[in-house]
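Encoded as structure tokens, the structure appears first; notes follow it.
The values are calculated or read from the model by the stated rules, or taken from the named source; none is laboratory data. None of these values were measured; they are calculated from a predicted model. Glycine gets a Cβ as well: all are built from the backbone with ideal geometry, and neighbour counts include every protein chain shown. Heavy atoms of the whole protein, side chains included, go into the accessibility calculation; ligands, DNA and RNA do not. Shrake-Rupley method; radii C 1.70, N 1.55, O 1.52, S 1.80 Å.
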Amino acid sequence: MDFDLTDKQRKRFAGVLAEVRDRLGRPDPPPGTPFTGAQWKSAAGIGLTGLCLPPEYGGGGLGALDTALCLQAFGQGCPDTGLVFAVAAHLLACAVPIRDFASAEVRRELLTGLASGELVAANAMTEDDAGSDLSRLSMTAGRGPEGYVLDGDKSFASNAPAADVFVTYAVTDPGAGFLGLTAFAVPAGFPGVSAGEPFDKMGLGGCPAGRVGFRRCEVPTAYRLGEEGQGTAIFQHSMAWERGCLFGAYLGVMDRQFARCVEHARQRRQFGHRIGDFQAVSHRIAAMKQRLESARLLLYRACWLIDEGRDHTGAVALSKVAVSEAAVANSLDAVQIFGGSGYLTATGIEHQLRDAVPALIFSGTTDIQRELIAREAGL
Amino acid sequence: MAHAPSDDENFRRVSDYISEYIRENFLDGDPKGELEDDTPLLEWGVLNSLNTARLIAFIREELDVVVKPVEISAANFRDVRSIAAMVARGVRRAA
Ligand SMILES: Cc1cc2nc3c(=O)[nH]c(=O)nc-3n(C[C@H](O)[C@H](O)[C@H](O)COP(=O)(O)OP(=O)(O)OC[C@H]3O[C@@H](n4cnc5c(N)ncnc54)[C@H](O)[C@@H]3O)c2cc1C
């Protein structure tokens, strides 16, 4: 067993981190506002919009672990976690299923633009009555003259207000439960597609999210991903990549946060001592480190299993729970360590907590991940 | 030397095994004995994305048949009969 990154991985990580710090390291626009075209282009210029897409389409050709490492560097170097999330969701929940399941024609049409960042993608699965329980999906894809006609509403899609392409899922066989879903890639310009206004939300403000409606939207067969009825499998595949790799970004955020907490505990003095001399503070920092490092090991291993083509569902679920819970717990500790200043927006600590809470929910809630873990244990 | 089980025997054995697993694990033992070979498992929500993964693991571990991702379809999981037919095909493939 070897726990070291290779030289190549270390160099790539350092290269991405330096570029991110250089081009996206300043909070401009201030975190909390939807990403600008210039920010998206900068991320794309570093190669972040196409990390795991095939080189022949301009992507980086990376596997899951290397993708996660690059996103870790992105999360560490960029103070706007919403932007990092937006890019990662575009890549993992949208470009990955197009990479692996789209027709040759649609791959040619979309992958180059997705890799270069010219196209922004949004994943639209969740509906008002179908969140964790995807068997309740109600959007339908009936037969149409050129293939399918999509009808329905999606209630929560990250990147939707900015999207050029939607990856979405609809019922094609109502009697077949979760095996009756079919996946589609739908260009936002198709008649009948309409994205709603950006939501006001707790965190990840850099990533605009909204509803999407499909009204008698005609979608040619070439835009179907995989076969009819494979929608759930395709979604699970994209979620394995998202639950695995995207959370690498939170490792990077936690690394940056941890360094700031140590620095603060060393220089802030009260009662004639550095606050880090008080065990209440130093042990809080030790606990942060323990959560961060155990989450890191689980995430690297989960991504490695994906790359090895081995069973990874349980390992990915463990990693997702560990990283998201560590991110929330550490962010709360960071506010505490910074005291009153941690509570003030200008210090740049409190938003980490607001950006971490949604990680317990998106890509499948903590409860659903625990359900997967328990089932794998034979319960 | 015992004779190799016929396709029919294989099918019966596999379908009993699968029915038993579904009864015990997804139907609280099926006290009223409602599960039939043609009960629509997907339509009635007996099988969902969470427990179908368990069923596939059971088929792999106990029956030594690997269900390939392309085989996870409504046609193959509609009812006990179609699952057993898919597994019996897998057994023949391995033989
Ligand atoms: C920041 C953010 C970004 C998102 N981006 C997208 C996106 O890009 N595309 C998209 O399609 N969706 C997106 N979502 C939606 C997200 O996928 C759903 O919110 C999530 O799947 C949960 O569904 P729900 O909100 O309907 O909650 P529900 O499913 O109603 O769950 C409510 C509560 O009940 C619990 N619960 C439900 N079922 C069970 C069970 N069987 N066992 C135990 N507990 C259970 C849940 O864990 C949760 O605590 C995003 C959400 C957030 C917060």
- Task: Would you kindly work out the equivalent ellipsoid of region A:129-264 from its C-alpha gyration tensor and give its semi-axes, the square roots of five times the eigenvalues, largest first in whole Å?
- Result: 33, 18, 13
- Within 10 Å of each Cβ in peptide B:43-50, how many partner chain Cβ atoms are there on average? Round it to a whole number, please. 6
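In whole percent, how big is the carbon plus sulfur part of the accessible area of the protein assembly as shown, probe 1.4 Å, protein atoms only? Don't skip to the answer; put the middle values down first.
Details: 11200 of 21340 Å².
Its accessible area is 52 percent carbon and sulfur atoms.
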- Note on the structure: Taking every residue of A:225-236, the Cβ atoms of other protein chains inside 10 Å of its Cβ average out to 3
- Message: What value in Å³ per residue do you get for the convex hull of the alpha-carbon atoms in region B:14-95?
- Response: 82 Å³
- Message: From Cα pairs below 8 angstrom and at least 6 apart in sequence, can you work out the relative contact order of chain A, rounded to a whole percent?
- Response: 16 percent
- Message: At 0.890 mPa s and 25 °C, plugging the Kirkwood radius over alpha-carbon pairs of region A:7-116 into Stokes-Einstein gives what diffusion coefficient in µm²/s?
- Response: 175 µm²/s
- Could you tell me which of rounded, prolate or oblate describes region A:134-197, using a ≥ b ≥ c as the square roots of the eigenvalues of the alpha-carbon gyration tensor, with rounded for a/c under 1.5 and, failing that, prolate when a/b is larger than b/c and oblate otherwise? oblate
- With every protein chain left in place, what is the accessible area of A:LEU360 in Å² (1.4 Å probe, nearest 10)? 50 Å²
- Query: How much solvent-accessible surface does A:LEU379 expose, in Å² to the nearest 10, with a 1.4 Å probe and all protein chains in place?
  - Reply: 130 Å²
- GluC sites (Glu not before Pro), loop per DSSP, at most 12 other Cβ atoms within 10 Å - longest free stretch of chain B: B:37-95
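Can you give the accessible area buried between chains B and A, summed over both chains, with a 1.4 Å probe, in Å² to the nearest 100?
So the total buried area for this chain pair works out to about 1200 Å².
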- Choice from A:ALA188, A:ALA240, A:ALA265 with maximal GNM fluctuation in chain A (Cα, 10 Å cutoff): A:ALA265
- Student exercise, region A:7-116 dipole from Lys, Arg, Asp, Glu Cβ charges, in Debye to nearest 20: 240 debye
- Note on the structure: What the Cα atoms of region A:19-59 span along the principal axes, largest first and in whole Å, is 35, 19, 13
- Task: Could you pull out the trypsin sites (Lys or Arg not before Pro) across chain B that fall in loop regions by DSSP (anything but H, G, I, E, B) with no more than 15 other Cβ atoms inside 10 Å?
- Result: B:LYS32
- Query: Rounded to the nearest 20 Debye, what is the dipole magnitude of region A:241-379 about its Cα centre when Lys and Arg each give +1 and Asp and Glu each give -1 at the C-beta?
  - Reply: 520 debye
- Note on the structure: Heavy-atom accessible area of B:TYR17, protein chains in place, probe 1.4 angstrom, given in Å² to nearest 10, is 100 Å²
- Please report the base-10 log of the normalised intensity I(q)/I(0) for region A:155-232, using a Debye sum with one equal scatterer per alpha carbon and no solvent, at each q in 0.12, 0.25, 0.27 (1/Å). -0.38, -1.12, -1.20
- When every protein chain stays in place and a 1.4 Å probe is rolled, B:MET86, A:MET202 sorted by accessible area with the largest first are A:MET202, B:MET86
- Note on the structure: Semi-axes a, b, c in Å (a largest) for the protein assembly as shown, each sqrt of 5 times a Cα gyration tensor eigenvalue, come to 42, 27, 20
- Query: To the nearest Å, what is the center-to-center distance of region A:33-66 and region B:78-95, using C-alpha atoms only?
  - Reply: 43 Å
- Rolling a 1.4 angstrom probe over the protein heavy atoms, how many square angstrom per residue are accessible across region A:7-116? 36 Å²
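Convert 37 °C to kelvin, take the viscosity as 0.692 mPa s, use the Kirkwood radius over C-alpha pairs of region A:265-379 as Rh, and evaluate the Stokes-Einstein diffusion coefficient in µm²/s, rounded to a whole number.
Diffusion coefficient, whole number: 208 µm²/s.
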- Would you mind pulling out the separation of the Cα centroids of region A:75-132 and region A:232-263, in Å? 15 Å
- Message: What's the magnitude of the charge dipole for the protein assembly as shown around its Cα centre, counting Lys and Arg as +1 and Asp and Glu as -1 at the beta-carbon? Answer in Debye, nearest 20.
- Response: 1940 debye
- Between 0 and 90°, nearest 10: helix A:313-343 axis offset from chain A longest Cα axis: 50 degrees
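How much accessible area per residue does region A:123-229 have, counting only protein heavy atoms and a probe of 1.4 Å, in square angstrom?
Value returned for region A:123-229: 39 Å² of accessible area per residue.
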